[in-house]
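*Asks:* Dropping a structure here in structure tokens format, bear with me for questions.
The values are calculated or read from the model by the stated rules, or taken from the named source; none is laboratory data. None of the values given here were measured: they were computed from a predicted structure. No Cβ is skipped: glycine too gets one built from the backbone with ideal geometry, and neighbour counts run over all protein chains shown.
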Amino acid sequence: MNKQEFLECLRKGLSGLPQEDIEERLTFYSEMIDDRMEEGITEEDAVSRIGSVDTIVSQIKADIPLAKLVRGKRTLKKHVRTWEIVLLVLGSPIWLSLLIAALAVILSLYVSLWAVVISLWAVFVSLIGCAFGGVVAGIIIACSGNALSGIAMLAAGIVCGGLSIFMFYGCKAATKGILLLTKKIAVWIKNCFIKKEEA
């Protein structure tokens, strides 16, 4: 793929974004290809080292703030017919209540996922507290003359410490998963505002 084909594919992939963003990205990648060609790389190699157009397009869409996309869509002038307005107003008791219910269900599911993650972190903190308390109590009990009970308490503290290590990695993975889900939801919402131009 040469430079012109790459830039044309990139322009098609970015259609629906604000025009100034498209031009800015095209200029950036055009200059990047030119810089690599000045280093002695062929045009095809310079283009292939940049990466695939689909990956670049998805990264660009993820980087553009949602507020900017909404602002760009709001400034578009579209003629709305009178009958469309009448249908929207008459149907609002139905579609508005369904929309609110759907958003409430989605939000409650998302909050529930975060509640599970917070609960896991709370268990992790509790295990650390039990480990610390078990070790300290075991030493105190053993020093006071009750060696067997002290050793048992010390062992329980060490077991809690070991469990807290495993719990940390589980909590970390759960948090990363929720953050990844959040990012994917944000990209999906952005894609709803980005409409492909009709050919």
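*Asks:* Just need a number here: residues in region 14-27 that are more than 25 Å from the chain's Cα centre (by Cα) and surrounded by 11 or more Cβ atoms within 10 Å (Cβ to Cβ).
*Replies:* Within region 14-27, residues that are more than 25 Å from the chain's Cα centre (by Cα) and surrounded by 11 or more Cβ atoms within 10 Å (Cβ to Cβ) number 3.
*Asks:* May I ask you to verify whether V125 is closer than 26 Å to L179 by Cα, assigned to a helix (DSSP H, G or I) and among the β-branched types (V, I, T)?
*Replies:* Criteria met by V125.
*Asks:* Would you confirm whether or not region 137-150 contains a residue that is part of a helix (DSSP H, G or I), assigned by TED's automatic domain parsing to the domain that holds K176 and polar (S, T, N, Q)?
*Replies:* yes
*Asks:* Out of the residues in region 78-118 that are surrounded by fewer than 12 Cβ atoms within 10 Å (Cβ to Cβ) and of a type in the set (S, T, Y), which is farthest from A174 (Cα to Cα)?
*Replies:* T82
*Asks:* Right, next: Look at L14 and say whether it is modelled with pLDDT under 85 and touching a Phe, Trp or Tyr at 6+ places or on another chain (Cβ under 9 Å).
*Replies:* Spelling it out, it is not the case that L14 is modelled with pLDDT under 85 and touching a Phe, Trp or Tyr at 6+ places or on another chain (Cβ under 9 Å).
*Asks:* Going through V117, V135 one at a time, which residue ends up being touching a residue at least 40 places away in the same chain (Cβ under 8 Å) and in contact with a helix residue (DSSP H, G or I) (Cβ under 6 Å, 6 or more places away or on another chain)?
*Replies:* V117
*Asks:* Another question about this same structure. Find the residue count for region 129-150, including only residues that are under 16 Å from L163 (Cα atoms), surrounded by 15 or more Cβ atoms within 10 Å (Cβ to Cβ) and among the small types (G, A, S).
*Replies:* 2
*Asks:* Quick one: is M153 surrounded by 12 or more Cβ atoms within 10 Å (Cβ to Cβ), touching a Gly at 6+ places or on another chain (Cβ under 8 Å) and not assigned by TED's automatic domain parsing to the domain that holds S58?
*Replies:* yes
*Asks:* On to the next question. Could you list, in sequence order, the residues of region 6-47 that are part of a helix (DSSP H, G or I) and among the polar types (S, T, N, Q)?
*Replies:* Within region 6-47, Q19, T27, S30 qualify.
*Asks:* Right, next: Can you name every residue in region 91-114 that is among the hydrophobic types (A, V, I, L, M, F, W, C) and over 22 Å from I189 (Cβ atoms)?
*Replies:* Result: I94, single match.
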